[in-house]
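Remarks on the structure that follows.
The values are calculated or read from the model by the stated rules, or taken from the named source; none is laboratory data. No experiment lies behind these values; they were computed from the predicted model shown. Positions of Cβ are backbone-derived with ideal geometry, glycine not excepted, and every protein chain shown enters the neighbour counts. Side chains included, ligands, DNA and RNA excluded: accessible areas come from the protein's heavy atoms. Shrake-Rupley method; radii C 1.70, N 1.55, O 1.52, S 1.80 Å.
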Amino acid sequence: MARIFAKGSLYSAVAGATLALAAPGVVWAQSGADAEASSGMDEIVITATKREESLQDVAIAVTALSAEQLRNEAITDLSQIAAQVPSFTFQSQNSMESEMFIRGVGSVRLNGATADPSIGTFFNEVYIGRRGSATPPLFDLARVEVLRGPQGTLFGKNIVGGAINLISATPQANFGAGGSLSLGNYSSVLAEGYVTGPLAENLAGRLAFYRETHDGFAENIVYGQELEDKDSTAARLSLLWDPTSNISVSLIADYSTDSAGGPSRHAVDNPFVAGTGGITAGIPSDPRINMSPYEQYAYRDTAGLTGRLEWDLGNVSLTYLSAYRYGLADGRWTQAGAGSPPSLTDSTLTQHEMYQGVTQEIRLSSDDDSRFRWIAGLYYLDEYVKRTSRNTAISFLPGGPGGVRDSLDGDNMFLGYSDTRSFAAFGEVEYDILDNLTLSVGGRYTRDEKELDTAAVIFSYGPAGDILSPAPLQSAYDISVGDEWSEFTPRVALEWRASDNILLYASYAAGYKGGGWQGATANAIAAATAYDPEAAATYEIGFKADWFNNRLRTNIAVFHTDFTDLQVELLDDVNLTLVVANAADAVIEGLEFEVRGMPTDWLTVFASGSLLNAEYKDYIDPLRGLDYSGNQIQRTPDYQFTVGADLRHGLTDGLDLIANLNYSYQDQMFWGPENTNFEDGYGILNGRIGIGAADGQWTVSLWGKNLDDELYRTSIIPFAGDEVSVFGAPRTYGVRVSGRF
């Protein structure tokens with residue numbers, strides 16, 4: 001582990017400060033009677049181990065965001081979650097392709113129908129296989145749990161990098177309702193609300209809604225079209241029935257719909273290519289300007305139905321989970337963000353994706369009071385994905401058939417229809433060797449069966465006489481392939497509770513992600529060639545502690561991960577396509593910390609972050625033959641952190657001042673494994689200030705996000721001397737009113 005502290009004084013300084021905060025002699029904390037009289041921080045109960053446990057009792061590196069934090073910070077999508085979690089970065093190519101990395105592990109784009117994400121997203125424990133097209137907006141949640149590292153034992157789909165578990169709020173037996181309305185610049189409107197209560201004897205319901213709109217952050221000046229706008233609506237109905245004292249049945253139905261102009265792409269000069277890029281020289285410098293020769297769009301619908309049975313059989317509990325998830329997305333966007341000229345080609349992608357997933361899981365678990373505890377289950381997932389991508393392109397370059405110009409214009413489409421069946425048996429046992437020493441051993445056997453029907457169609461070669469289809473396609477094809485992969489992924493952990501408030505643990509966990517086939521290839525041979533699964537093994541030491549009557553919380557994790565056959569997405573800039581290849585092994589080491597403190601009853605301060613050393617090992621680029629061994633893993637900054645404070649201070653007996661300020665920073669990161677194109681380090685400042693009822697019944701606040709209007713990018717495509725870029729949201733601000741009764 002010594003290498004993580006070898007990169008300079010920042011690592012040592014942060015690690016030292018964190019360990020100092022963990023020391024029981026920290027000077028700012030209250031002592032004596034003052035500490036005993038205060039309530040300290042609230043306990044957060046999570047279900048990361050398929051049991052209800054306190055966050056501080058779980059021997060896993062996990063971050064939990066409570067319902068209150070999600071509401072107060074108006075968090076409605078996963079990009080906002082990432083800023084709160086150590087080692088988590090989030091970028092977005094378009095509405096269908098969210099790019100999430102945890103601890104250096106992630107997937108750039110799921111542009112193939114058989115591709116799996118390395119970071120799993122779960123909604124009420126139900127796996128969502130397509131991150132963009134099938135992930136609903138975040139609203140009326142009880143909490144969000146982000147587990148870092150391989151989750152190869154208990155979660156419903158093998159997750160090699162980490163898991164995000166979204167838990168919706170449950171119906172209540174007593175009547176309650178609440179909501180909020182936020183108005184801001186860019187004509188933004190965000191409205192959320194819920195109502196809950198009894199519907200009949202032993203039957204409770206909850207209805208929640210969400211509506212968010214705003215004008216575009218960017219504009220296509222060719223068509224006068226707003227881009228990066230939003231128009232999103234969602235609703236969820238939850239029912240909870242307790243027919244007997246030991247049986248509970250829940251049913252959750254949800255639906256969402258989104259429409260927008262989609263992302264805006266704007267080229268900037270690539271500093272690693274001599275001269276000025278051709279696109280950059282022919283477009284305005286304003287990064288919020290787009291010159292696409294086509295109108296763009298981004299539409300998405302998601303839906304789901306989840307049933308759950310909990311049956312207490314005495315010393316054993318049975319859980320049965322049955323669910324259906326659906327996602328449908330359509331989009332059109334110009335890859336270069338401009339027509340031709342100035343771009344060499346005005347290549348425009350029209351994409352469609354449909355996802356259906358059926359989950360069945362049954363598990364038995366012992367009660368929690370025994371010295372020997374266990375959980376075991378069977379799991380089945382059937383996923384169907386239909387994905388099409390049509391490339392319509394025109395190039396202004398001179399030249400006849402068979403030349404560069406010929407390969408940059410025309411019209412073709414890639415189609416993929418995949419069916420994936422995943423079967424698993426899993427279990428874990430815990431044994432209290434001593435009253436304060438527990439050994440956990442678990443494992444999961446998984447078999448993935450994948451079938452793919454894929455085709456490439458050429459609609460037009462371009463002008464008369466042309467003989468080449470737009471890259472990468474060289475010849476049409478229509479093939480069917482299939483394969484299966486299996487893996488056993490164990491986990492072993494030793495937990496020592498040094499006191500009631502201090503937990504230390506050491507663990508080993510393995511993870512695995514199945515193989516698949518490319519989404520866009522030159523010919524049938526390439527389309528039929530599969531890439532192999534990737535595997536990870538993580539060794540972790542963790543420390544969780546609450547101090548001074550729960551006024552100070554310090555959670556620290558140090559880990560080492562070995563990757564084999566890492567699936568790396570490479571940009572083939574000759575054939576203009578993304579290629580997935582088992583090109584590398586990798587080593588990732590890091591330190592993560594989360595600290596929260598309450599120096600007074602009205603002030604909470606917090607800090608979290610990570611220090612990573614993530615490098616490719618034995619990595620020869622299969623496209624160019626270049627040696628990338630020792631290069632930094634893409635989309636993974638050396639360090640990132642978040643610091644901030646929450647304030648709630650009484651002004652009168654019935655009125656409080658409320659405020660929050662938080663700043664998140666991530667260091668420079670490389671966009672690709674070749675370690676050339678990079679994003680400079682940047683920070684985002686968010687805040688709010690207002691007043692509210694002392695009993696929490698209502699609040700009125702002013703809010704702002706990206707207050708210093710930081711300009712940063714969420715995606716790039718290096719192309720012909722330019723970096724075609726998608727930029728993050730600008731400064732936004734407004735007023736928010738909320739209430740509950």
* **Tally, over the stretch 404-422, of residues that are open to solvent by 60 Å² or more (accessible area, probe 1.4 Å) and at pLDDT 95 or above** => 1
* Read through the list (1) in contact (Cβ under 8 Å) with a residue 60 or more places away in the chain; (2) closer than 30 Å to Gln697 by Cβ; (3) of a type in the set (Val, Ile, Thr), then give the number of the only condition that Thr636 fails. => (2)
* Structure fact -> Of the residues in the stretch 571-589, those that are assigned to a strand (DSSP E or B) and either among the acidic types (Asp, Glu) or at pLDDT below 75 (or both) number 8
* Asked: Say we look at the stretch 158-175 and pick out the residues that are in contact (Cβ under 8 Å) with a residue 40 or more places away in the chain and open to solvent by 10 Å² or more (accessible area, probe 1.4 Å); which of these is farthest from the chain's Cα centre (by Cα)?
  -> Pro171
* Quick one: in the stretch 76-100, of everything that is within 27 Å of Ala545 (Cα to Cα) and of a type outside the set (Gly, Ala, Ser), which residue is surrounded by the fewest Cβ atoms within 10 Å (Cβ to Cβ)? => Gln80
* In the stretch 250-273, which residues are in contact with a helix residue (DSSP H, G or I) (Cβ under 8 Å, 6 or more places away or on another chain) and either of a type in the set (A, V, I, L, M) or within 18 Å of Ser98 (Cβ to Cβ) (or both)? -> Ala267, Val268
* List, please: which pairs have Cβ atoms under 8 Å, are six or more places apart or on different chains, and start with a residue in the stretch 679-698 that is in contact (Cβ under 8 Å) with a residue 60 or more places away in the chain and within 30 Å of Pro637 (Cα to Cα) and end with one that is open to solvent by 30 Å² or more (accessible area, probe 1.4 Å) and among the small types (Gly, Ala, Ser)? -> Ile684/Ala83
* Asked: Does at least one position in the stretch 185-194 carry a residue that is in contact (Cβ under 8 Å) with a residue 12 or more places away in the chain, open to solvent by less than 50 Å² (accessible area, probe 1.4 Å) and touching a helix residue (DSSP H, G or I) at 6+ places or on another chain (Cβ under 9 Å)?
  -> yes
* **Residue tally, condition part of a strand (DSSP E or B) and under 19 Å from Pro136 (Cα atoms), over the stretch 65-97** => 8
* Do you know which of the residues in the stretch 423-455 that are in contact with a Phe, Trp or Tyr (Cβ under 8 Å, 6 or more places away or on another chain) and among the β-branched types (Val, Ile, Thr) is surrounded by the most Cβ atoms within 10 Å (Cβ to Cβ)? -> Thr454
* Structure fact -> Every listed condition ((1) aliphatic (A, V, I, L, M); (2) closer than 30 Å to Gly224 by Cβ; (3) surrounded by fewer than 17 Cβ atoms within 10 Å (Cβ to Cβ)) holds for Leu344 save (3)
* To do: Select, from Thr564, Thr554, the only residue that is more than 14 Å from Arg103 (Cα to Cα), among the hydroxyl-bearing types (Ser, Thr, Tyr), open to solvent by 20 Å² or more (accessible area, probe 1.4 Å) and at pLDDT 80 or above.
  => Thr564
* When you look at Ser285, is it out of contact with any Pro (no Cβ under 8 Å at 6 or more places or on another chain), open to solvent by 40 Å² or more (accessible area, probe 1.4 Å), of a type in the set (Ser, Thr, Tyr) and modelled with pLDDT under 95, yes or no? -> yes
* Within the stretch 135-155, can one find any residue that is among the basic types (Lys, Arg), assigned to a loop (DSSP other than H, G, I, E, B) and either open to solvent by 10 Å² or more (accessible area, probe 1.4 Å) or at pLDDT below 95 (or both)? -> no
* Structure fact -> Being over 26 Å from Thr699 (Cα atoms) and acidic (Asp, Glu) narrows Glu192, Glu212, Glu228 down to just Glu228
* For the stretch 654-714, which fully contained strands (runs of 3 or more DSSP E) count at least 3 residues that are among the polar types (S, T, N, Q)? -> 655-666
* To do: Kindly list the number of the only condition in (1) closer than 30 Å to Gly672 by Cβ; (2) crowded, with 21+ Cβ neighbours inside 10 Å that fails for Glu487.
  => (2)
* Structure fact -> When every residue in the stretch 498-510 that is open to solvent by 60 Å² or more (accessible area, probe 1.4 Å) and either more than 25 Å from Gly162 (Cα to Cα) or free of Cβ contacts under 8 Å to residues at least 12 places away in the same chain (or both) is compared, the one nearest to the chain's Cα centre (by Cα) is Asn501
* Unmet requirement for Ala729, which otherwise passes all of (1) free of Cβ contacts under 8 Å to residues at least 40 places away in the same chain; (2) open to solvent by 20 Å² or more (accessible area, probe 1.4 Å); (3) under 26 Å from Asp638 (Cα atoms); (4) not acidic (Asp, Glu) -> (1)
* **Boolean, Arg373 is open to solvent by less than 40 Å² (accessible area, probe 1.4 Å), among the charged types (D, E, K, R) and over 30 Å from Leu468 (Cβ atoms)** => yes
